[in-house]
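One structure is given below, encoded as structure tokens.
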């Protein structure tokens with residue numbers, strides 16, 4: 001596997017990492033942890049799986065696309081979808 005896409009899309013990957021870390025930090029700082037009796041584990045696996053698949057889809061898009069406007073627009077849309085699904089997943093563990 002070639003890692004040239006990391007060099008090609010370094011800024012986009014850094015932006016994605018920053019978005020994910022900031023979303024997790026904001027939820028953990030501003031939210032309250034739910035007790036384990038309130039957590040629906042089937043829902044967690046479903047929502048976590050969907051969030052993981054959008055991240056894989058996003059990385060596959062960056063892996064296969066050249067640098068350009070269309071790639072940036074795909075990245076922005078898939079990043080917004082991933083952050084939204086990540087917040088939906090974190091909603092199972094935190095009240096916010």
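No lab work stands behind these numbers, since they all come straight from the coordinates. On a predicted model such as this, the values are computed, not experimentally measured, just so you know. For neighbour counting, all protein chains shown are included, and Cβ atoms are generated from backbone atoms with ideal geometry for every residue, glycine included.
Roughly how many whole Å is it from the C-alpha centroid of the range 26-90 to that of the range 3-24? The distance from the Cα centre of the range 26-90 to that of the range 3-24 comes to 14 Å. Contact order for the chain, expressed relative to its length and based on alpha carbon pairs under 8 Å spaced 6+ residues apart, stands at 48 percent. For the chain, the equivalent ellipsoid built from the Cα gyration tensor has semi-axes of 29, 14, 10 Å, listed from largest to smallest. With the simple spin-label model, which puts each label point 7 Å out from Cα in the Cβ direction, the residue 19 to residue 42 separation comes to 3.2 nm. Per residue, the chain reaches -25500 deg cm²/dmol at 222 nm when only DSSP H runs of four or more residues are counted, each adding -39500 (n - 2.57). Against the chain, whose longest principal axis comes from its Cα atoms, helix 41-64 is set at around 10 degrees.
Once the C-beta distance of residue 81 and residue 29 is scaled by a Förster radius of 30 Å, the resulting FRET efficiency is 0.80 to the nearest 0.05.
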